[in-house]
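First up is the structure itself, then whatever we jot down about it.
The values are calculated or read from the model by the stated rules, or taken from the named source; none is laboratory data. Treat the numbers as computed from the prediction; the structure is a model and nothing was measured. Please note: Cβ atoms are built from the backbone with ideal geometry, for glycine as well, and neighbour counts cover all protein chains shown.
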């Protein structure tokens with residue numbers, strides 16, 4: 001395992017930064033805090049990290065005492081679980097996310113929308129009523145999405161929600177169409193669903209009993225309730 005660089009200071013902040021400050025680490029902790037335990041599920045929440053780098057970071061978190069690795073036997077999946085020390089980072093990781101939501105300007109954020117992660121985030125924040133039939137299928141269409149990623153299906157069946165990039169062959173219950181950036185604006189709470197629909201930036205089709213409650217069951221991002229600072233107060237990312 002590659003040795004991490006050190007700051008050479010005794011203070012707790014510098015020592016914590018040596019563990020938490022490497023690339024991808026906070027995002028992996030976010031996925032673990034959100035409930036992902038298997039390698040492939042963690043990877044789907046951080047789609048741009050290579051599998052070798054993900055494996056290395058997980059080993060580092062295990063060595064640091066932030067996660068444990070539970071292998072249940074040959075042919076069975078390995079589960080990564082947060083230790084008490086890892087769980088205690090929840091308010092810190094959320095605090096960093098809330099700071100970014102409040103202070104970072106929106107346009108640089110919209111430059112890096114990844115539809116794979118966007119759909120994975122939607123998946124874990126859905127608040128669908130239990131009365132829905134099974135399977136229940138949501139079809140998202142992004143006309144300006146990258147090649148091969150203009151269509152996504154969320155399939156809810158037997159209490160599980162899966163993200164599909166190929167038509168699963170089920171009847172669609174609700175169809176949602178929007179530009180990638182416009183849907184991200186809605187998802188992050190920067191644009192209301194109602195306003196997006198009124199302005200023709202978001203189209204929802206399906207039975208009225210389902211479509212009229214979209215603002216309730218779509219869920220939105222976990223930080224969508226954090227208001228943005230006025231444009232003149234916002235900060236920009238490096239680069």
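Side notes on the structure shown:
- Verdict on residue 152 being at pLDDT 95 or above, within 16 Å of the chain's Cα centre (by Cα), closer than 18 Å to residue 171 by Cβ and assigned by TED's automatic domain parsing to the domain that holds residue 206: yes
- Helices (runs of 4 or more DSSP H) enclosed by the range 31-89 - at least 1 residues per element that are more than 26 Å from residue 119 (Cβ to Cβ): 51-64, 84-87
- Out of 162, 147, sole residue that is within 28 Å of residue 28 (Cα to Cα), surrounded by fewer than 19 Cβ atoms within 10 Å (Cβ to Cβ), within 20 Å of the chain's Cα centre (by Cα) and not assigned by TED's automatic domain parsing to the domain that holds residue 47: 162
- Test result for residue 35, under 18 Å from the mean Cα position of the chain (by Cα) and touching a residue at least 24 places away in the same chain (Cβ under 8 Å): yes
- Residues that are touching a residue at least 60 places away in the same chain (Cβ under 8 Å) and either in a loop (DSSP other than H, G, I, E, B) or out of contact with any strand residue (DSSP E or B) (no Cβ under 9 Å at 6 or more places or on another chain) (or both), drawn from the range 162-183: 180, 181
- Matching entry among 129, 135 (being touching a residue at least 40 places away in the same chain (Cβ under 8 Å), over 18 Å from residue 30 (Cα atoms), surrounded by fewer than 20 Cβ atoms within 10 Å (Cβ to Cβ) and assigned by TED's automatic domain parsing to the domain that holds residue 156): 129
- Within the range 14-21, one or more residues are in contact with a helix residue (DSSP H, G or I) (Cβ under 6 Å, 6 or more places away or on another chain), surrounded by 13 or more Cβ atoms within 10 Å (Cβ to Cβ) and without any contact (Cβ under 8 Å) to a residue 60 or more places away in the chain.
- All positions within the range 81-119 that are in contact with a helix residue (DSSP H, G or I) (Cβ under 6 Å, 6 or more places away or on another chain), at pLDDT below 95 and surrounded by fewer than 16 Cβ atoms within 10 Å (Cβ to Cβ): 110
- Selection status of residue 78, closer than 18 Å to residue 45 by Cα, surrounded by fewer than 14 Cβ atoms within 10 Å (Cβ to Cβ), at pLDDT below 95 and touching a strand residue (DSSP E or B) at 6+ places or on another chain (Cβ under 8 Å): yes
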